[in-house]
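Chemist: First, the structure itself, so that you have it in front of you.
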Amino acid sequence: MTQVLLQRAARLADLEVGLPLGVTLPDGQRICLVRDNGTVYAVADRCPHRDFALSGGDLVGPCVLECPWHGARFDIRTGNILQGPATERLATYSVRVVGEEVFVGARRAT
């Protein structure tokens, strides 16, 4: 059985509802955390269109993250593209909240 390593990403209090937060995990990965409707989501902090940080973007609807550079939109639950110019899905990661700590786990299969 493979054990999934959880990495501490942030404190729950660091996440404002609807405001993306870029963090660097202990292993060096850049992750964008988004708190929406009582749930914390984790996605790669890079737009697959031009590799710009998504943490500078906006939540423009329920679970919809918009890239600040070219307007690509993604569903943060699934990584699916909702609006171009991106043509590649966004990487998503498992999240576990334990008390007041937010942990990020493995990348989800596409």
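The values are calculated or read from the model by the stated rules, or taken from the named source; none is laboratory data. Only a predicted model underlies this, so the values are computations on that prediction, with no experimental measurement involved. Using ideal geometry, Cβ is built from the backbone for each residue, glycine included, and neighbour counts are taken over all protein chains shown. Side chains are part of the model used for accessible areas, which takes the heavy atoms of the whole protein and leaves out ligands, DNA and RNA. Shrake-Rupley method; radii C 1.70, N 1.55, O 1.52, S 1.80 Å.
Chemist: Taking only the stretch 100-110 into account, find how many residues are touching a helix residue (DSSP H, G or I) at 6+ places or on another chain (Cβ under 8 Å) and in a loop (DSSP other than H, G, I, E, B).
Modeler: Looking only at that region, the number is 1.
Chemist: If Ala91 satisfies all but one of (1) loosely packed, with under 14 Cβ neighbours inside 10 Å; (2) under 20 Å from Ala53 (Cα atoms), what's the number of the condition it fails?
Modeler: Only one criterion is unmet by Ala91, namely (1).
Chemist: While we're on this one: Do we find a residue being open to solvent by less than 20 Å² (accessible area, probe 1.4 Å), outside any helix (DSSP H, G or I), under 16 Å from Glu66 (Cβ atoms) and touching a strand residue (DSSP E or B) at 6+ places or on another chain (Cβ under 9 Å) anywhere in the stretch 8-19?
Modeler: So far as the stretch 8-19 goes, no, none of its residues is open to solvent by less than 20 Å² (accessible area, probe 1.4 Å), outside any helix (DSSP H, G or I), under 16 Å from Glu66 (Cβ atoms) and touching a strand residue (DSSP E or B) at 6+ places or on another chain (Cβ under 9 Å).
Chemist: Looking only at the stretch 26-55, how many residues end up being hydrophobic (A, V, I, L, M, F, W, C), buried (at least 18 other Cβ atoms within 10 Å of the Cβ) and in a loop (DSSP other than H, G, I, E, B)?
Modeler: 1
Chemist: Find the residue count for the stretch 72-88, including only residues that are among the acidic types (Asp, Glu) and open to solvent by less than 50 Å² (accessible area, probe 1.4 Å). So that I can check it myself, show each step before the final result.
Modeler: To start, the set of residues in the stretch 72-88 that are among the acidic types (Asp, Glu) comprises 75, 88.
With the extra rule that they be open to solvent by less than 50 Å² (accessible area, probe 1.4 Å), the set shrinks to 75.
Matching residues across the stretch 72-88 total 1.
Chemist: Which count do you get for residues in the stretch 28-68 that are hydroxyl-bearing (Ser, Thr, Tyr) and more than 16 Å from Glu16 (Cα to Cα)?
Modeler: Matching residues across the stretch 28-68 total 0.
Chemist: Of (1) out of contact with any Pro (no Cβ under 9 Å at 6 or more places or on another chain); (2) assigned to a strand (DSSP E or B); (3) more than 21 Å from Gly105 (Cα to Cα); (4) among the hydrophobic types (A, V, I, L, M, F, W, C), Leu59 satisfies all except one. Which?
Modeler: (1)
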